[in-house]
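Since the structure comes first, as structure tokens, the remarks are kept for the end.
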Amino acid sequence: MHQQQNRRDIHRQITDHIVTAIERGAPKFEMPWHCGGVDQTRPTNAMTGKTYRGVNTVSLWAAAAAQSFFSGYWATYRQWQGLDAQVRRGEKASPIVFYKEITHEVRDETTGEINEERQLFARASWVFNGDQVDGWEEPFAIDPDPVDAIAEVEAFVAACGADIRHGGTQAYYAPSEDHIVMPARQRFTGTSASTATESYYATLLHELTHWTAHRSRLDRDLSRRFGDEAYAMEELVAELGSAFLCAELSITNVPRPNHAAYVASWLKVLKSDVRAIFTASRKATTAAGYLAGFRETELRNGGLPITR
């Protein structure tokens, strides 16, 4: 009970700290990992390495902008299969045009000679962006891994037993498949306020907090109270959960400006409920405690993995 009370006190302090930072004007949120590929100026075929040309360049730029793709790589469905990658179910392809050369014989009406004539015919094709596939890691120049593995945090995460997959350029929790996707550790560059290590673990703990919402765990459904704003509310819970766990696991000494910046971006859509952040704080405390429980149980069992 004493331990739980200490946690609540710490969580309240962190929440108050974030609220104060927001009231003072939280900084703009900075992306903590590298998203760029080898050639971000021209869309590139992932199979051949060749850049697209002409109207296809413009078309794929437009498709990437419309769907917020970070990757500069594209390929057909079969090409992705050839790269041992799988286009995710429900993803929509983007159109490109390629020209096929056809050669046929033409008789010269004057001389009677038969000559070969070449013609180009336009054909439509459909490609998927690298952000739409699983099982493929975009090639890019990287420095040595800037993330320092923290043994205690690694053990904490492992004890939870979540399905965590590294690859791609996005961090997210997929409820339907019940797994977490994280960019490779080498992608994390940190921000002006956080090291690469802090950014990596803060992001991972954010997604782990989302993971607790699954119906088989805490069954956190915020739509009953918040309706259309349930998604924004869940993001608040996840970021506060990340901030709480970063403090408990000594990843950071104080809440980072990044936490305040992220929370501030979602609070803009919750102006009608000034207490939303405190409700989110309570939900985040429950989630953090739930996650901590796995490691505590493991330690009580002598450090042996929990059987699930």
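Just for strands (runs of 3 or more DSSP E) wholly inside region 54-136: which have at least 1 residues that are touching a residue at least 60 places away in the same chain (Cβ under 8 Å) and either on the phi > 0 side of the Ramachandran plot or hydroxyl-bearing (Ser, Thr, Tyr) (or both)?
Numbers: elements: 73-75, 94-107, 114-129.
Here the list reads 73-75.
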Contact list please: Cβ distance under 7 Å, first residue in region 295-308 and over 14 Å from Val157 (Cβ atoms), second residue at pLDDT 65 or above and of a type outside the set (A, V, I, L, M), pairs at least six apart or on different chains. Leu304/Glu298; Arg308/Gly161
Being at pLDDT 75 or above and acidic (Asp, Glu), is that true of even one residue in region 77-84? yes
Can you report the number of residues in region 175-219 which are in a loop (DSSP other than H, G, I, E, B) and surrounded by 22 or more Cβ atoms within 10 Å (Cβ to Cβ)? 3
Please give the number of the condition Thr279 fails out of (1) modelled with pLDDT of 70 or more; (2) surrounded by fewer than 20 Cβ atoms within 10 Å (Cβ to Cβ); (3) under 22 Å from the mean Cα position of the chain (by Cα); (4) more than 22 Å from Ser176 (Cβ to Cβ). (3)
Would it be correct to say that Thr169 is modelled with pLDDT under 85, assigned to a loop (DSSP other than H, G, I, E, B) and over 13 Å from the mean Cα position of the chain (by Cα)? no
Of all residues in region 150-197, count the ones that are closer than 13 Å to Leu208 by Cβ and among the small types (Gly, Ala, Ser). 5
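The values are calculated or read from the model by the stated rules, or taken from the named source; none is laboratory data. Since we're looking at a predicted model, the values are computed, not measured. Please note: Cβ atoms are built from the backbone with ideal geometry, for glycine as well, and neighbour counts cover all protein chains shown.
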